[in-house]
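The values are calculated or read from the model by the stated rules, or taken from the named source; none is laboratory data. Everything numeric in this text was worked out from a predicted model, so none of it was measured. Methodologically, a virtual Cβ is constructed for each residue, glycine included, from the backbone with ideal geometry; neighbour enumeration extends over all protein chains shown. Just so you know, the surface numbers come from the protein's heavy atoms only, side chains and all, with ligands and any DNA or RNA stripped out. Shrake-Rupley method; radii C 1.70, N 1.55, O 1.52, S 1.80 Å.
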Amino acid sequence: MRGRRGQQLTDTRTRLSMPPMPRGYVKENWLWEANEQWPSVALSHDRKEVYFHTDPILESCGTAGVRADTGFLQGEHYWEIEFLEPPSGFSVMVGVGTSRAPLCAGSFQYLNLLGQDGDSWGLSYKGNIWHAGTSRQYTEPFYEEGTLIGVHLNMEEGTLTFYKDRQSLGLAFTGLHKVQLPLYPMVSSTSPDTELALGLRCCTLPTLEERCLSTLARNLSQKDSADQLPLPTVVRWKLKSWKNWDVLTHQL
């Protein structure tokens, strides 16, 4: 396990550039959730690194995953996962899921765990994104050691965007605000000796006004319906000009 070298790479990248967040941010300190029930997953002492299928005899006997100890219902969140070893095998994935998303498959079942059902959304190192058992090509495969995959979860707009080495790969998923359950960072792998490290973790939280406007927009069938609400004129104007309106109503 070569976690220290990976941590040095992550620290260097963190110093060199700022996270791709649209406005001010604060750092977060969530970690991977310890779960001793799954022998296919081991965590570093500080719970920032995860190692999959490390048994030298059994190697991989299926698909395993791990989730963060914190889930998100609001705000914008960005985090980075570094591949300390070149990804290989049937599936290595990065994404998000609810607490209902499974963390393992049956014995000797090799599958794309994140996105296998409606409770998770995932990106495979092969370039496909998965949700509800279906996939589509999203980006080119990535095989390099040291690859940095960023995840931007915007719970106000209900969107999920992935980054590779801090370059946006484009919008991956929409409609996540409709889940109405906390979404947790997740990773999974079928491959022996997969090593992944947490890097930068940060967030921005909406103001009270933004939260109110977002809630109102999500519950209106069309923008002009704002004129029928018993609200001050200036509030109705702000609601009709709400920056996230088009995204939210398109997803309803």
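Below are the figures for this structure:
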quantity: Gyration tensor (alpha-carbon) shape descriptor, segment 104-219, a/c threshold 1.5; calculated: prolate
quantity: Accessible heavy-atom area order of 237, 79, highest first, probe of 1.4 Å; calculated: 237, 79
quantity: Overall form of segment 22-104 per C-alpha gyration tensor (a/c, 1.5; a/b vs b/c); calculated: prolate
quantity: Relative contact order [Cα under 8 Å, 6+ residues apart], segment 30-106, whole percent; calculated: 31
quantity: For residue 187, net neighbour charge (Lys/Arg +1, Asp/Glu -1) across residues whose Cβ lies under 14 Å away; calculated: -3
quantity: Total formal charge among the other residues, if their Cβ is under 15 angstrom from that of residue 61, Lys/Arg +1 and Asp/Glu -1; calculated: -3
quantity: Distance from segment 54-83 to segment 132-190 (C-alpha centre basis), Å; calculated: 13
quantity: Charge dipole magnitude, Cβ of K and R +1, D and E -1 - segment 73-177, Cα centre, debye nearest 20; calculated: 300
quantity: Cα-based reach from residue 178 at 27 Å (exclusive), listing lysines while leaving out same-chain residues under 8 positions away; calculated: 27, 164, 223, 238, 240, 243
quantity: Sequence-separation-based contact order of segment 114-161, relative, with Cα cut under 8 Å and 6+ spacing, percent; calculated: 24
quantity: Accessible area, probe 1.4 Å, largest first, for residues 27, 178; calculated: 27, 178
quantity: Full-extension gain in nm, residue 100 to residue 181, via 0.36 nm per residue minus C-alpha separation; calculated: 28.2 nm
quantity: Label-point separation in nm, residue 90 to residue 167, each point 7 Å along Cα→Cβ; calculated: 3.2
quantity: Cα gyration tensor shape of segment 99-156, rounded if a/c is under 1.5, else prolate or oblate by comparing a/b with b/c; calculated: oblate
quantity: Charge context of residue 235, other residues only, Cβ under 12 angstrom, K/R +1, D/E -1; calculated: +1
quantity: Accessible area of segment 44-98 divided out per residue, in Å², using a probe of 1.4 angstrom; calculated: 33
quantity: Burial ranking of peptide ranges 39-48, 116-125 (average Cβ count within 10 Å, highest at the top); calculated: 116-125, 39-48
quantity: Rel. contact order, % - alpha carbon contacts under 8 angstrom, at least six apart, segment 156-238; calculated: 19
quantity: FRET efficiency for residue 117 and residue 139, using Cβ-Cβ distance with R0 set to 22 Å, rounded to 0.05; calculated: 0.45
quantity: Per residue value of the accessible surface for segment 110-252 (all protein chains in place, 1.4 Å probe), Å²; calculated: 45
quantity: Rounded to the nearest 20 debye, dipole of segment 147-221 from Cβ charges on Lys, Arg, Asp, Glu; calculated: 140
